[in-house]
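Comments concern the structure below.
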Amino acid sequence: MAQPKMVAIDDEVEFTKTIDSFFGNRGYEVHVALTGISGLELIEYHKPDVVLVDLKLPGMDGDQILQQIRKHHPEIKVIVITAYNDGGKTRDRLLALGAFAHFDKPVSSLRDLAEAVKRALAQPSTSQPQP
Amino acid sequence: MFNVIKTTNLPGLKKQVSIVFWGTLIGFSSGITNYLAWYRLAAPIANPIVSFYTTAIAYAVVKHQLMDIEVLVKRTLQFAGLVGFAVLLMAIVPKYLLQFFGIPRAVADILGAVIVAASFGKVRESLVNVTDRYLFQKKYDYKELLKKFTDEVMLKVDLKQLLETTVNTLTETVKLDGSSLLLFDKDKRTYELVATRGANGQQVSLGEQEQLVTFLRETHEPVWLDGKVDYPQTIKGQMTLQLKSRLALPLHVHEDLIGVLLLGKKKSDEAFGKDDLDILTPLARTLAIAVTNAQLFEELAKTQAEAAQKEKLAVIGTLSAGINHEICNPLGIVKAQCEAFLLDSEDGILIGKSSQDLLERTSNIMRVALKQIDRATAITQKLSNFAKPIKDPTAQTVSIEQEIDEVLILVGHDLKLEKIEVVKEIEPGLPQIVADRRQLQEVLFNLVRNAGQAIKPPGTIWVRARTSSGLVRVEITDTGSGISEENLKKIYNPFFTTKEPGKGTGLGLFIVRQIVERNKGRIGVESIVGKGTTFSLEFPAVKASPQVAAAR
């Protein structure tokens, strides 16, 4: 299998840097963006296998990016990052909208994120997203 | 007389009557002994004892206000003046008329009498004025006192100020050694010393069942405390020693005794008499009403403060999403960095790294963690400062710009989440204003939050501040739905709201306006339905900086 490709979009610079080095250290080709618009450009350009996107972004937000990807690149798995800690309400909504998984700061663990990314890569791109 | 002594409740009357009674009895019975002479019985001690009657009456007049001696003295003086005037006129006028005009004595006498009769009324009036003014100045002052007191006291809504003014005005105008006020404390159910002049630092409290209190409550009558009334030693001792009081006046509102006004000894050493009470009794009535008003006002202010606090907490509830996000984000970063390091170590990714590299990586994690911890701490601090109830508002010079920034930190995240842009336009070098900092924050906070709630995202809120003719003007403009003309009239009413249930208690603008006005500011609003609303605040600007002032 070729080197898996990932695009991470989050306006929290320190978080984006952590994702970059963490997945970079594990054999991924990681491209990071701090805004939704530049994130979409990276997606169009690199055609990643998986996208990590923060829900709350200046300009275009995670919801809109999720919609765009579902529409134009349904094969790309989207993992939405939030910082709500709201007991799963947001997660259920996002999964219903077609997100592959949900990472909630600071509740979720990086290990779980790594697992989710692995699962995303292992799943055939044509299959329906799992709740 | 004996019956009066037996039945009366008024200690003053009881004393007066019993002195007269015993004086009369002893005086007359010894006088009667003179008649024994008819029967050739000698009663040599009788005559001196007769004088006891006069002495007793005199004692009752002077000490217990049996008769209004002042009226007697006054009338005597006026009468003497009038007689003197008439005699003088009659002695001089006819003589001159005879001497210079050759008018016959009899005619001159009649002319003189006519002049006396014509000017009699005028002279009498001026004599009354003169005696009132110079010899009975107290009475004259009293009229002034009642007027001055009513004017001053009725205007005071601040209870503490009202009480202070009362004891000070009374002490000074009636020329007393001191005066004190006890007010009923509903929690302790006692009458507590709340203001005093001349007995500072004393702790006095009277129980509800204390004899003085029950007496005042039931009779509505004043009580003399100058040691001539047989109240239990405890009351007499406490009042006269601690507060040096001579007269206790009840403060009644309907049947409730809300307080006791205690007056000290007069500087002139005179006892309190009927004419004192003529003024002091209505004064006590006025005072009782004024005190009740001030107490109600104080309670209302407290209720309002509590409502404001509730509103604030409700607001924080609606804010929690934004604030939660602002705290979760830094925590998420710290957690991710730490986990990444540990997972790298577990997965063998760190093997072969130089200690220099490892040190640099861990140091970097620490730096990031510290920065993010500070970020989260700042938010919690601002939040808890904002949530704290404002106990004693203190006016200080504040920078509007700084307060706007503080508020935008709290609401900004929420607005950003909702796709509402906030544009700040502050005139450079904006003068400071005088206000309570946290109350000002509360006002700005409410207005910005309302603006946000009026907007159907996306939209914009402008926060502008500039000077305009000695005022600092703040405008908060939104691109929201606007307020209809009909609703514009009602927006400051308590509990008026157009927000859906759960979004607002309706107290927001009601409280905002009160706070603005309490900080000597003004609030205004303009709105166009469908375009948006502008709320404006105006506060007097603090006069130019000290250097500029000095240069003038």
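Here, each number is a calculation from the coordinates, and none is a lab measurement. Because the structure is a prediction, the values reported are computed rather than measured. Don't worry about glycine lacking a Cβ; one is built from the backbone with ideal geometry, like all the others, and counts go over all protein chains shown.
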**Q.** Theoretical ellipticity at 222 nm over the protein assembly as shown - DSSP helices of four or more residues, -39500 (n - 2.57) apiece, nearest 500
**A.** -18500 deg cm²/dmol
Q | Amide proton proximity set for B:A541, modelled H, under 5 Å, gap of 5+ | A | B:L471, B:V472
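In peptide A:52-59, what is the residue-averaged number of other protein chain Cβ atoms found within 10 Å of each Cβ?
Working: counts 0, 0, 1, 2, 6, 1, 3, 1.
What the average comes to for A:52-59 is 2.
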Q.
Could you tell me the calculated FRET efficiency between B:E421 and B:E526, based on Cβ-Cβ distance and R0 = 22 angstrom, to the nearest 0.05?
A. 0.55
Q | Where GluC sites (Glu not before Pro) fall in DSSP loop in the range A:1-83, at most 15 other Cβ within 10 Å | A | A:E75
Q.
Loop-only trypsin sites (Lys or Arg not before Pro) in the range B:347-382, please: DSSP not H, G, I, E or B, and at most 15 other Cβ atoms within 10 Å.
A. B:K353
Q) Between B:T477, B:I279, B:S119, whose Cα lies farthest towards the positive end of the dipole of the protein assembly as shown when Lys and Arg beta carbons carry +1 and Asp and Glu beta carbons carry -1, centred on the Cα centre? A) B:S119
Q | For the range B:288-297, 3J(HN,Hα) per residue [Karplus equation, 6.51 cos²θ - 1.76 cosθ + 1.60, θ = phi - 60°, Hz, x = Gly/Pro] | A | 4, 5, 4, 5, 4, 4, 5, 5, 5, 4
Q) Taking the Cα centre of each part, how many Å lie between the range A:1-70 and the range A:83-104? A) 17
Q) Once phi is turned into ³J(HN,Hα) by the Karplus curve 6.51 cos²θ - 1.76 cosθ + 1.60 with θ = phi - 60°, what whole-Hz value does each residue of the range B:105-120 show in order, with x for glycine and proline? A) 3, 4, 5, 4, 4, 5, 4, x, 4, 4, 4, 4, 4, 5, 8, 4
Q | Distance (nanometres) between label positions extended 7 Å along Cα→Cβ at B:Q202 and B:I115 | A | 6.0
Q. Given charges of +1 on the Cβ of Lys and Arg and -1 on the Cβ of Asp and Glu, with all other atoms neutral, how large is the dipole of chain A about its Cα centre, in debye to the nearest 20?
A. 400
**Q.** Unit Cα scatterers, Debye sum, the range B:69-135: log10 I(q)/I(0) for q = 0.12, 0.22, 0.27 Å⁻¹
**A.** -0.39, -0.85, -1.07
Q: Using the charge dipole of the protein assembly as shown (Lys, Arg: +1 at Cβ; Asp, Glu: -1 at Cβ; taken about the Cα centre), state which of B:L225, B:V17, B:F85 has its Cα farthest towards the positive end.
A: B:F85
Q) Hey, what do the phi angles of the range B:409-419 turn into as Karplus ³J(HN,Hα) couplings, whole Hz, using 6.51/-1.76/1.60 and θ = phi - 60°, x for Gly and Pro? A) 4, 6, 8, x, 5, 4, 5, 4, 4, 8, 6
Q.
Tell me which of B:V516, B:L408, B:L440 sits at the most positive position along the dipole axis of the range B:394-552, charges placed on C-beta atoms (Lys, Arg +1; Asp, Glu -1).
A. B:V516
Q.
For a quick check: with amide H placed at 1.01 Å from N, whose amide H comes under 5 Å from B:A195's, ignoring anything fewer than 5 positions away on the same chain?
A. B:L181
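How crowded by other chains is B:150-162, given as the mean number of beta carbons from other chains within 10 Å of each beta carbon? Walk me through the intermediate numbers first.
Numbers: counts 0, 0, 0, 0, 0, 0, 0, 0, 0, 0, 0, 0, 0.
Neighbouring Cβ atoms belonging to other protein chains average 0 per residue here.
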Q) Across peptide B:363-375, what mean number of C-beta atoms from other chains lies inside 10 Å of a residue's C-beta? A) 1
Q. Using unit Cβ charges (K, R positive; D, E negative) and no other charged atoms, how large, in debye to the nearest 20, is the dipole of the protein assembly as shown about its Cα centre?
A. 2840
Q | Linear extension gain, B:E298 paired with B:I49, 0.36 nm per residue minus alpha-carbon span | A | 83.3 nm
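Sorted from largest to smallest, which semi-axis lengths in Å does the alpha carbon gyration tensor of the protein assembly as shown give for its equivalent ellipsoid, taking the root of 5 times each eigenvalue? Write down the numbers at each step before the final one.
Details: eigenvalues 1716, 200, 85 Å².
Taking √(5λ) for each Cα gyration eigenvalue gives 93, 32, 21 Å.
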**Q.** Unit charges on C-beta of K, R, D, E only; dipole of the range B:139-298, Debye
**A.** 320
